[in-house]
Amino acid sequence: MRKKVIAGNWKMNKLPNEAMEFISELAPLVKSAENEVVLCVPYTDLFYSLLHTQDTNIKIGAQNMHYEEKGAYTGEVSGEMLKSIGVEYVIIGHSERRAYYGETDETVNKKLKKAHVLGLKPIVCVGESLEQREANQAKEIVTTQIKLALEGLTNEEVEKTIIAYEPIWAIGTGKTATKEDANETIKWIREKIAQIYGKEVAESVIIQYGGSVKSGNAKDLFEMSDIDGGLVGGASLDAKEFAKIVNYK
Ligand code: PGA
């Protein structure tokens with residue numbers, strides 16, 4: 001049985017004091033959750049959030065990392081740096097990073113490999129744009145992204161990789177993929193993984209859905225056969241709303 005992972009992606013939101021207020025409000029609301037609860041917060045909130053979640057079941061993640069350990073990369077943060085303060089999760093290859101900051105399938109692959117070396121739990125994002133979807137290329141695009149992201153990983157590393165299927169047209173738009181559509185694409189991803197890494201690996205990989213997940217649609221989505229939770233943007237900024245998503249049942 002795969003565990004559901006519900007991860008909030010705060011993007012560039014919340015100052016440290018706001019992060020701590022949020023955690024104080026969220027912690028009691030999700031303390032009995034059966035699902036894994038993760039908050040991926042801005043770098044400047046990481047340390048405070050880690051301290052503030054110490055006695056809770058809330059896990060903390062970053063939203064990006066560099067694949068090199070150190071060096072002349074102004075403005076970047078390495079996986080080692082995240083690991084050193086106790087960060088557990090890291091989002092890799094979010095579509096906003098691919099669109100605005102030159103993230104490519106190649107850098108996603110390098111970051112993913114590095115995350116595994118360090119024992120960070122990566123959440124790798126894939127998904128098609130509206131044009132690609134309308135041109136009937138969604139499955140092809142997602143297959144390529146998956147293959148390139150996972151290239152060179154061991155079976156064990158693939159098993160430990162969380163994949164977030166996030167159709168770009170559904171992110172921040174209020175448009176959600178139908179539960180059937182999302183499930184079908186996620187099933188397709190699982191089949192592709194089975195073809196390369198075997199059925200056993202494919203059956204244990206956690207694959208989330210992301211894109212306008214909210215309390216009103218979480219149950220429908222998360223109860224589908226292949227959807228193992230979600231990566232939640234906008235709706236993760238409000239503690240009560242995010243708690244409802246975590247406790248969707
Ligand atoms: P959204 O964002 O829930 O606001 O659509 C999801 C994401 O970008 O991870």
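The values are calculated or read from the model by the stated rules, or taken from the named source; none is laboratory data. Treat the numbers as computed from the prediction; the structure is a model and nothing was measured. For neighbour counting, all protein chains shown are included, and Cβ atoms are generated from backbone atoms with ideal geometry for every residue, glycine included. Note: accessible area is taken over every heavy atom of the protein model, side chains too, but ligands, DNA and RNA are not part of it. Shrake-Rupley method; radii C 1.70, N 1.55, O 1.52, S 1.80 Å.
I'd like to verify a number: residues in region 32-56 that are hydroxyl-bearing (Ser, Thr, Tyr), open to solvent by 80 Å² or more (accessible area, probe 1.4 Å) and either under 11 Å from residue 87 (Cβ atoms) or not in a loop (DSSP other than H, G, I, E, B) (or both), how many?
So the answer is 3.
Give the residues of region 65-120 that are more than 23 Å from residue 52 (Cβ to Cβ), part of a loop (DSSP other than H, G, I, E, B) and away from the ligand (no atom under 16 Å from the Cβ), sorted by residue number.
If the condition is that a residue be more than 23 Å from residue 52 (Cβ to Cβ), part of a loop (DSSP other than H, G, I, E, B) and away from the ligand (no atom under 16 Å from the Cβ), then 67, 68, 69, 70, 71, 72, 73, 74, 75, 76, 102, 104 are the ones that fit.
Collect the residues in region 140-165 that are closer than 17 Å to residue 185 by Cα and more than 19 Å from the chain's Cα centre (by Cα), keeping them in residue-number order.
Across region 140-165, the qualifying residue is only 140.
Can you tell me which residue within region 121-145, out of those that are part of a helix (DSSP H, G or I) and of a type in the set (A, V, I, L, M), is nearest to the ligand (Cβ to nearest atom)?
That would be 130.
Any residue in region 189-203 that is closer than 17 Å to residue 154 by Cβ and open to solvent by 30 Å² or more (accessible area, probe 1.4 Å) sitting within a Cβ distance under 7 Å of a residue that is at pLDDT 95 or above and not charged (D, E, K, R)? List the pairs, counting only those 6 or more apart or interchain.
194/202; 197/155; 197/158
Return the only residue of 82, 29, 15 being of a type in the set (A, V, I, L, M, F, W, C) and open to solvent by less than 50 Å² (accessible area, probe 1.4 Å).
From the options 82, 29, 15, the qualifying one is 82.
Please verify whether region 220-232 includes one or more residues that are within 16 Å of the ligand (Cβ to nearest atom) and in a loop (DSSP other than H, G, I, E, B).
yes
When you check residue 172 against the structure, is it within 16 Å of the ligand (Cβ to nearest atom) and open to solvent by 70 Å² or more (accessible area, probe 1.4 Å), yes or no?
Spelling it out, residue 172 is indeed within 16 Å of the ligand (Cβ to nearest atom) and open to solvent by 70 Å² or more (accessible area, probe 1.4 Å).
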